[in-house]
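Undergrad: Handing you a structure now.
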Amino acid sequence: MTTEIKTFRRTRAEIHLGNLKHNLFELKKFLKPNTFLCPMVKANAYGHGDIEIAKALDQLNSKNLFSTLGVGLVEEGLLLRQLGIKSPILVLGSFDRSGFSEMLRWKLTAVVSQIRHLEILESFPDQTLGFHLKFDTGMHRLGFRPDDLPLIIKRWAKNWKLQGLMTHLYQAEDLMDPNGHSFQQMQIFKKIFSSEFFRQNSGASAIPVHSLNSAGFFNYYVLPNEFKNEFGYNFLGEESQEQGVRPGLALYGYSPVAQSHLSLKPVMSLKTAFVQWHRIKKGEVVSYGGTWKAERNSLIGVLPMGYADGYHRLLSNRSKVLFAGQLLPVIGNVCMDYLMVDLTDVENKISENEIAETEVVLFGCDEKQNLLSVEKLAQWSQTITWEILTSVGERVPRIFLHDS
Ligand SMILES: *Cc1c(COP(=O)(O)O)cnc(C)c1O
């Protein structure tokens, strides 16, 4: 879902594929070579452009760097497969019969997570069906209840081939806390994956067991390495299996935990440039509703970026942009296509030409590697990093850079 139309404004999202690779290698450092690893490319690869991101990852996978790509919807998986992505693709979302049938046809792997799915599987008795099973250990979104296990075993058919067992943590930030929610979830999950049935089913080559999103990954694999003496590395016990990882946010360069101890690099930088600038007098107002009033004679710049491009209106009078190495305030209400910036503080340091030419960073890095992080924008608009990234509008062209 990448826009490839010619555009006539400088607004663009630069996607640094080199940084994507860098982040993947950073994660790999903490995992055994064969630990289940599922880079998440759902939701248009967190807004980065799923086709190009999947292609870049697919190339890496000739070296077996990960197990499967992860998408949320059947149609996301179909798009990638139809455009030539060769890696295994795991569809984490729910499905109906026609969705399952398409997944079989295009060799996408389903996550079976409720009794109704078993009925769908049973309606394909003549084909080998490989899939992952998902258990709900506390989030109460998707997944079998742990006490569904006997029923699943009873209905297990000869043509069913289990390829993975999974759960999802709803508060992975507390994974190292023995009194935390994740600890309880992992205990429940452990009972399931170490049950006799799954052990038999796994045979010599163990079934991958996976539960960790980015926050879970940091808390399970990274932080214990840093603080070996304080926490036990593997609180599930000596014989417990490795936990597979399904990283999303970390892959795109951000850590959901305060101290990540990894050098992740942001993959997306959202940029634009001023289309107009003008002086206004003390007392005059800016934008719809006149919510910003000049307290001095001011120089105001207009950027071609608005809430239709994913720059939330909630950021009005709250956020900043990065311009010539400096953070400048966004003033007045953010419009559908435009937002305004107070340039008064830089007015004496910069020529009109420079105002016209210099790129403005809405988030990400400028040419000199100054960073305005997505986390900041999330804070200013009282949301989370994930939502800022996935909000970047469809009409913002993604420019893919193959840098290192
Ligand atoms: C989105 C998603 C992830 C990735 O989460 P991040 O916090 O972005 O790492 C992992 N597992 C499942 C089931 C998901 O839906």
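The values are calculated or read from the model by the stated rules, or taken from the named source; none is laboratory data. Every value quoted in this text rests on a predicted model; they were computed, and no experiment measured them. Every residue, glycine among them, receives a Cβ derived from its backbone with ideal geometry; neighbour counts consider all protein chains shown.
Undergrad: Output the number of the condition that residue 311 fails; it satisfies all remaining conditions of (1) in a loop (DSSP other than H, G, I, E, B); (2) at pLDDT 95 or above; (3) of a type outside the set (A, V, I, L, M); (4) in contact with an Asp or Glu (Cβ under 9 Å, 6 or more places away or on another chain).
TA: (4)
Undergrad: Out of the residues in segment 254-274 that are buried (at least 21 other Cβ atoms within 10 Å of the Cβ) and of a type in the set (Ser, Thr, Tyr), which is farthest from the ligand (Cβ to nearest atom)?
TA: 272
Undergrad: Residues in segment 171-185: is at least one surrounded by 17 or more Cβ atoms within 10 Å (Cβ to Cβ), assigned to a loop (DSSP other than H, G, I, E, B) and of a type in the set (A, V, I, L, M, F, W, C)?
TA: Taking every residue of segment 171-185 in turn, at least one turns out to be surrounded by 17 or more Cβ atoms within 10 Å (Cβ to Cβ), assigned to a loop (DSSP other than H, G, I, E, B) and of a type in the set (A, V, I, L, M, F, W, C).
Undergrad: From the set of residues in segment 136-181 that are within 17 Å of residue 93 (Cβ to Cβ) and among the small types (Gly, Ala, Ser), which is farthest from the ligand (Cβ to nearest atom)?
TA: 164
Undergrad: Considering each of 325, 301 in turn, give the residue that is more than 16 Å from the ligand (Cβ to nearest atom), at positive phi and among the small types (Gly, Ala, Ser).
TA: Matching residue, one of 325, 301: 325.
Undergrad: Applying the selection to segment 90-121, what residues are outside any helix (DSSP H, G or I) and under 16 Å from residue 69 (Cα atoms)?
TA: 90, 91, 92, 93, 106, 107, 108, 109, 110, 111
Undergrad: Evaluate the following for residue 91: is it of a type outside the set (S, T, N, Q) and touching an Asp or Glu at 6+ places or on another chain (Cβ under 7 Å)?
TA: Values: of a type outside the set (S, T, N, Q): yes; touching an Asp or Glu at 6+ places or on another chain (Cβ under 7 Å): no.
Taking the combined requirement at face value, the residue does not satisfy it.
Undergrad: Give me the residue from segment 262-288 that is touching a strand residue (DSSP E or B) at 6+ places or on another chain (Cβ under 8 Å), in a loop (DSSP other than H, G, I, E, B) and touching a residue at least 60 places away in the same chain (Cβ under 8 Å) and, out of that set, farthest from residue 334 (Cα to Cα).
TA: 265
Undergrad: Answer yes or no: is there a residue in segment 347-359 that is in contact with a strand residue (DSSP E or B) (Cβ under 6 Å, 6 or more places away or on another chain), farther than 25 Å from residue 267 by Cα, surrounded by fewer than 19 Cβ atoms within 10 Å (Cβ to Cβ) and touching a residue at least 24 places away in the same chain (Cβ under 8 Å).
TA: There is at least one residue in segment 347-359 that is in contact with a strand residue (DSSP E or B) (Cβ under 6 Å, 6 or more places away or on another chain), farther than 25 Å from residue 267 by Cα, surrounded by fewer than 19 Cβ atoms within 10 Å (Cβ to Cβ) and touching a residue at least 24 places away in the same chain (Cβ under 8 Å).
Undergrad: State which residue is surrounded by the fewest Cβ atoms within 10 Å (Cβ to Cβ) when the search covers only segment 102-122 and only residues that are of a type outside the set (A, V, I, L, M) and within 16 Å of the ligand (Cβ to nearest atom).
TA: From segment 102-122, those of a type outside the set (A, V, I, L, M) are 102, 105-107, 109, 113-114, 116-117, 119, 122; that's our starting set.
Adding the requirement that they be within 16 Å of the ligand (Cβ to nearest atom) leaves 109, 113-114, 117.
Values: 109: 20, 113: 22, 114: 16, 117: 21.
For segment 102-122, the residue satisfying everything is 114.
Undergrad: Please go through segment 314-367 and pick out each residue that is more than 18 Å from residue 293 (Cα to Cα) and charged (D, E, K, R).
TA: Hits for segment 314-367 are 337, 347, 349, 352, 354, 357, 359, 366, 367.
Undergrad: On to the next question. Restricting to segment 85-101, name every residue that is within 16 Å of the ligand (Cβ to nearest atom) and buried (at least 22 other Cβ atoms within 10 Å of the Cβ).
TA: Those that are within 16 Å of the ligand (Cβ to nearest atom) and buried (at least 22 other Cβ atoms within 10 Å of the Cβ): 89, 90, 91, 92.
Undergrad: Under 9 Å between Cβ atoms, at least 6 apart or on separate chains: pull out the pairs that start in segment 144-165 with a residue that is within 19 Å of residue 128 (Cβ to Cβ) and end on any residue that is surrounded by fewer than 13 Cβ atoms within 10 Å (Cβ to Cβ) and of a type in the set (Ser, Thr, Tyr).
TA: These pairs meet every condition: 159/128; 160/128; 161/128.
Undergrad: Taking segment 374-404, which residues are assigned to a loop (DSSP other than H, G, I, E, B), surrounded by 19 or more Cβ atoms within 10 Å (Cβ to Cβ) and of a type in the set (Gly, Ala, Ser)?
TA: 381
Undergrad: Which one is modelled with the highest pLDDT, of the residues in segment 188-223 that are in a loop (DSSP other than H, G, I, E, B) and within 16 Å of the ligand (Cβ to nearest atom)?
TA: So the residue we want is 213.
Undergrad: Then there is this: For residue 251, indicate whether it is within 27 Å of the chain's Cα centre (by Cα), touching a residue at least 24 places away in the same chain (Cβ under 8 Å), buried (at least 18 other Cβ atoms within 10 Å of the Cβ) and in a strand (DSSP E or B). Walk me through how you get there before you give the answer.
TA: Working: within 27 Å of the chain's Cα centre (by Cα): yes; touching a residue at least 24 places away in the same chain (Cβ under 8 Å): yes; buried (at least 18 other Cβ atoms within 10 Å of the Cβ): yes; in a strand (DSSP E or B): no.
No, not satisfied.
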